[in-house]
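Following: one structure in structure tokens, then a few remarks.
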Amino acid sequence: MYQANKFFADNHYKPFSEDTAPILIAWHLQTPENAGHLLRLAANVGCRLVLFVKNEEEVTFKTSKMKYVAGQAAKNIDWHYCLPDEVEQLVPADYTFFALETSPGSSNLFSVKLPAKMALMVGSERSGIPLGVNFPNQQNIHIPMHGMVKSMNVSHAASVCLFEWVRQRGGFEISSSGYTE
């Protein structure tokens, strides 16, 4: 048995309820590996949904490569492709959209109180979130970068943000209830 499997067999973190679990939205990703990493991350955090937004003319990923990277997460998380104009209908109205994008007017992730019901948007590896994406009450946030390189891989950036959301929800307390999957 792997050390992590033994650890989590003895230590249980309470999952977030379905009605407050975050939603992850990835706009126009280019590589199936990044999509697979995002699926795995979403399963680690307990996201309720992952949307891969693509235009009709864009090619969808080779699902086998994406699923290989995602591992069991591809089977354990609700995910699908959608068109840009379908996003708002797929996200419950009581969720707040957060664009993780280094842009003018964006707020430092670590100085923002993230909402209990967050739809986190990340963008393409090349061009980020499209400029025209702007939902009601949307907030733009960025991760402060102190080093020479001022960008992160999309799955790494999403990890930082989603685990900050977990931290703000107090989600790092080990449950004494003996929760098992």
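The values are calculated or read from the model by the stated rules, or taken from the named source; none is laboratory data. In this text the structure is predicted, and so the values were computed from the model without any measurement. As a convention, Cβ positions derive from the backbone with ideal geometry for all residues, glycine included, and neighbour counts pool all protein chains shown. Side chains are part of the model used for accessible areas, which takes the heavy atoms of the whole protein and leaves out ligands, DNA and RNA. Shrake-Rupley method; radii C 1.70, N 1.55, O 1.52, S 1.80 Å.
Consider just the alpha-carbon atoms of the chain and return their Rg together with their Dmax, both in angstrom.
Over the chain's Cα set, Rg and Dmax evaluate to 16.4, 50 Å.
Suppose the chain between residue 13 and residue 150 were pulled fully straight at 0.36 nm per residue; how much longer would it get relative to their current alpha carbon spacing?
Values: separation 137, 0.36 × 137 = 49.32 nm, distance 3.30 nm.
Between residue 13 and residue 150, full extension yields an extra 46.0 nm.
Residue farthest toward the positive end of the dipole of the stretch 51-168, with Cβ of Lys/Arg at +1 and Asp/Glu at -1: which of 119, 53, 66?
66
Rolling a 1.4 angstrom probe over the protein heavy atoms, how many square angstrom per residue are accessible across the chain? All intermediate terms of the calculation are to be shown ahead of the outcome.
Working: 10490 Å² over 181 residues.
Averaged over the residues of the chain, the accessible area is 58 Å².
Bin all alpha-carbon pair distances of the stretch 40-102 at 5 Å intervals from 0 and give each bin's fraction as a whole percent.
With a bin width of 5 Å, the distribution comes to 4, 14, 22, 24, 22, 13, 2.
Which helices, counted as full DSSP H runs in the chain, have an axial Cα extent of no less than 15 Å and a Kyte-Doolittle average of -0.5 or above? List each step's numbers first, then the result.
Working: long enough: 32-45 (20 Å, 0.06); 154-168 (21 Å, 0.54).
Long hydrophobic helices here: 32-45, 154-168.
Between residue 107 and residue 89, 0.36 nm times their residue separation minus their Cα-Cα distance comes to what? Intermediate results must be reported in sequence, preceding the final value.
Working: separation 18, 0.36 × 18 = 6.48 nm, distance 2.62 nm.
Length gained between residue 107 and residue 89: 3.9 nm.
Loop only by DSSP, 12 or fewer other Cβ within 10 Å of the Cβ. Give me the trypsin sites (Lys or Arg not before Pro) in the stretch 108-175 that pass, ordered by residue number. Write down the numbers at each step before the final one.
On the way: sites: 113, 117, 126, 150, 167, 169; in loops: 113, 117, 126, 150, 169.
The qualifying sites are 113, 126, 150.
Just to check I understand the Karplus step: with θ = phi - 60° and J = 6.51 cos²θ - 1.76 cosθ + 1.60, what whole-Hz values come out for the stretch 91-98, glycine and proline as x?
In residue order, the calculated couplings are 9, x, 4, 8, 8, 9, 7, 10 Hz.
With every protein chain kept in the model, how would you rank 135, 16 by accessible area, 1.4 Å probe, largest at the top? Before the final figure, lay out each step's value.
Numbers: 135 25, 16 50 Å².
Putting 135, 16 in descending order of accessible area: 16, 135.
Using the Cα centre as the reference, give the magnitude of the dipole from point charges on the C-beta atoms of the chain (Lys, Arg: +1; Asp, Glu: -1; all else neutral), rounded to the nearest 20 debye.
It works out to roughly 560 debye.
Give me the percent of DSSP beta bridges within the chain that run antiparallel, rounded to the nearest 5.
If we restrict to bridges inside the chain, about 10 percent are antiparallel.
Probe 1.4 Å, all protein chains in place: accessible area of residue 64 in Å², nearest 10?
Counting only protein heavy atoms, residue 64 exposes about 90 Å² to solvent.
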